[in-house]
């Protein structure tokens, strides 16, 4: 069992004054609030670095706003790194982490992760259409889009996690995929609202269909996986509950929440969580490419499928991002240009809907276990619903709500300026995605699959995931989202 | 933290499914299928108009 995975999982349930969830809300809302200043003409985030597809690396980086062009690409990169270092170091200090180790480890994590992103923007990797290839003077490319950098970051992390365990151990203070993806999801609220404001009927339809995800994850997936673990593989109740939750709901958070609710030993959900991360990586590396091949004509089916099939918030939402890039590239090659944001928004909506009910499901299981299965004095209490509620969702809702109001309930001038402001915040969303991909890679120690005892646990996962979860997720995504297309780009 | 807990788990006798576990599985699955059918029906009766 990887100590890094244990530490990461424990971070998700920190009991200090500030949890990773609340820290994600603070950082995400801070980025959003700074971006909103541009609505009044004051650009506070324009120095953030963005990366373009390139053949000459010296042209790859630039500040996002022309007003900060004097900084240059390298200056923007350093400014972005410094600002993230300051904010995240303050956050880690508030979490009670080792600040000195974090500063050193984060510097290396940022350097490798962003270098991976730059590699992914190389024209031979990223250029998609023949027109782009012609523009860059190249005759072939991998056509991964510039978001192929996520795959490069994941691969870099996997190499470190599996071949350089000492380096992985040294980096562990900054390997925080749950924190990074939660910040990204809070920021994503602004982008989704801007996207939704353009087609409110389509957005509300996507939201309504998110209800189906709750039914599927909690009532269908969970019960079947629990049955498989108990009846077919003979796991005890203490192991089967976190395992079913990890495979069915949303990986690490659900395994830990439900494991705690039934009063399982703390080591049980943490061991399950380490397996969840490994399989999430396998899914990220396979499912987006399957979606591009077979579902490119049904983009929202693909987006919902990522949310339902890939476990852990980070992997699912990140997988939605890759899927969007791949499908939009394929559609563009066929002459169809969709508005960006809809596929990722569908994945995120499905995932957020599933997350909302973690606390309630944990309470239901806790009530049954502490009253009927292993009656004990410390019975499940209603207050545990709030304790186990993933608080970062509140940040997402606040950012989404404010953005939607600014886009539809204020003046046309503000509504017109909002996409640019959300775009500046989105630069940081992308950077937190990159950090998430790299961190997930580092945490994914595939050697543990060969350790004593893990084979049977992994067998439950393989049978459930590839025999049931992925295909039922696809079927239900198809039932609810087939025929619904994102709007075309104007 | 080690994998000892997991090894020990696999050496333990199998715990039979209790009636309440069977109820939990059955009711969850039944309710889930019924709700999905209702949602699919609603989705069919009130399709999205773009």
Condition check: more than 25 Å from residue A:459 (Cα to Cα) and more than 10 Å from chain B (Cβ to nearest Cβ). Does residue A:247 satisfy that? no
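With respect to residue A:217, determine if the residue is closer than 26 Å to residue A:475 by Cα, over 23 Å from the mean Cα position of the chain (by Cα) and buried (at least 24 other Cβ atoms within 10 Å of the Cβ).
no
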So which residues in region A:452-481 are under 18 Å from residue A:300 (Cβ atoms) and surrounded by 23 or more Cβ atoms within 10 Å (Cβ to Cβ), if there are any at all? A:473, A:476, A:477, A:480, A:481
Can you tell me which residue in region A:255-269 is farthest from the other protein chains (Cβ to nearest Cβ), limited to those that are part of a loop (DSSP other than H, G, I, E, B) and more than 24 Å from residue A:181 (Cα to Cα)? A:263
Tally time: how many residues in region A:53-102 are touching a residue at least 40 places away in the same chain (Cβ under 8 Å) and in contact with a strand residue (DSSP E or B) (Cβ under 7 Å, 6 or more places away or on another chain)? 5
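Do you know which residues across region A:218-238 are assigned to a loop (DSSP other than H, G, I, E, B) and more than 9 Å from chain B (Cβ to nearest Cβ)? I'd like the intermediate steps shown before the answer.
At the first step, the residues of region A:218-238 found to be assigned to a loop (DSSP other than H, G, I, E, B) are A:233-236.
Within region A:218-238, just A:233 meets the criteria.
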Candidates A:162, A:146, A:201 - the one that is without any contact (Cβ under 8 Å) to a residue 12 or more places away in the chain and either surrounded by fewer than 23 Cβ atoms within 10 Å (Cβ to Cβ) or not in a helix (DSSP H, G or I) (or both): A:201
Please go through region A:340-353 and pick out each residue that is within 14 Å of another protein chain (Cβ to nearest Cβ) and either surrounded by fewer than 24 Cβ atoms within 10 Å (Cβ to Cβ) or on the phi > 0 side of the Ramachandran plot (or both). A:353
Within region A:356-454, helices (runs of 4 or more DSSP H) holding 3 or more residues that are touching a helix residue (DSSP H, G or I) at 6+ places or on another chain (Cβ under 8 Å) and within 14 Å of chain B (Cβ to nearest Cβ): A:358-368
Checking residue B:13 against (1) at pLDDT below 85; (2) surrounded by 11 or more Cβ atoms within 10 Å (Cβ to Cβ); (3) part of a loop (DSSP other than H, G, I, E, B), which test does it fail? (2)
Among the listed residues A:482, A:444, A:477, identify the single one that is under 24 Å from the mean Cα position of the chain (by Cα) and within 29 Å of residue A:84 (Cβ to Cβ). A:444
Hey, can you tell me all the residues within region A:205-217 that are within 7 Å of chain B (Cβ to nearest Cβ) and without any contact (Cβ under 8 Å) to a residue 60 or more places away in the chain? A:215
Only one of A:241, A:252 is under 21 Å from residue A:358 (Cα atoms), touching a residue at least 60 places away in the same chain (Cβ under 8 Å) and more than 14 Å from chain B (Cβ to nearest Cβ). Can you tell me which? A:252
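The values are calculated or read from the model by the stated rules, or taken from the named source; none is laboratory data. These figures come from a predicted structure and were not determined experimentally. All Cβ positions, glycine included, derive from the backbone under ideal geometry; neighbour counts span all protein chains shown.
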